[in-house]
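Below is one structure, written out as structure tokens, with a few remarks after it.
Laboratory data are not the source of any read-out in this text; all were calculated from the coordinates shown. Keep in mind it's a predicted model, so treat the numbers as computed, not measured. Heads up, the Cβs are rebuilt from the backbone with ideal geometry, glycines too, and the neighbour counts pull from every protein chain shown.
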Amino acid sequence: MSPDDALMTEVRNGDLDKLAALYEKYHRPLFAYFFKMTSNAPASEDLVHVVFCKVLKYREHFRAGDGTFAVWLFRIAHNAGIDHFHKEKPFHNAENVEDLDLESDADPVGDLERKEKAARMRRALNGLTDVQRETLILSRYQGLTYEEIAKVMKCREGTIKARVFRAMETLRGLYGALEKSS
């Protein structure tokens, strides 16, 4: 049993203080996941809180033997994201991800180039379908395995492999087109 699974088992058994450690570890990855999906910092922060409220509410449903805590958490996040997009139409590019990062005075030219590349990547990601974008975010940015993503998205591992492949192909094309137009 992983340390996260052990902590969540303690939360499930009534030691709610242990949830703080899980929140500390996962609130940033969840925020990044939602921000890449919504491009909206306030909505992403709200969704992180929704996820942890659901973790608390449905803690009895966690079973360490059924998969890792991270998979269970991102399954809840996936469902919270679906609920969010059903309530609100996605509003891409609401904010610039670069505005959330602290700027460095050490290398202003390098910072500008990194910001331009990040902006192109964000626009290219926004050009993917919602399913492609989410699959790629879980795989490349959150580091989940194909098997774990399949559990999160409730589909076969082969489907995830195909989605990642197609998403990467589409992303390369979109990014290349944006790079040429710059």
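Observations
- Coarse-grained scattering of the range 106-182 at q = 0.12, 0.13, 0.17, 0.22 Å⁻¹, given as base-10 log I(q)/I(0) from a Debye sum over alpha-carbon atoms: -0.40, -0.45, -0.68, -0.93
- Placing unit charges on each Cβ (+1 for Lys and Arg, -1 for Asp and Glu) gives the range 1-95 a dipole about its Cα centre, and among H78, Y58, P29 the Cα reaching farthest toward its positive end belongs to H78.
- Dipole magnitude for the chain: about 940 debye, using +1 per Lys or Arg Cβ and -1 per Asp or Glu Cβ, origin at the Cα centre.
- Fluctuation leader among G143, G65, G81 - the chain, Gaussian network, Cα springs under 10 angstrom: G65
- Only alpha carbons enter this Debye calculation for the chain, each as an equal point scatterer, and the log10 of I(q)/I(0) it gives at q = 0.11, 0.13 Å⁻¹ is -0.54, -0.73.
- Among A32, A167, A21: highest mean-square fluctuation, GNM of the chain, C-alpha pairs under 10 Å: A21
- A Gaussian network model of the chain, with springs between Cα atoms under 10 Å, assigns the largest mean-square fluctuation among L16, L136, L73 to L16.
- Degrees separating the helix 157-181 axis from the principal Cα axis of the chain, which is the longest one: 30
- For the range 28-67 and the range 152-182, distance of Cα centres in Å: 24
- Debye equation applied to the C-alpha atoms of the range 1-95, log10 I(q)/I(0) at 0.12, 0.19, 0.23 Å⁻¹: -0.38, -0.84, -1.13
- Listed pairs K117/K151; K18/K154; K87/K117; K36/K115 exceeding 24 Å between Cα atoms: K117/K151; K18/K154; K87/K117
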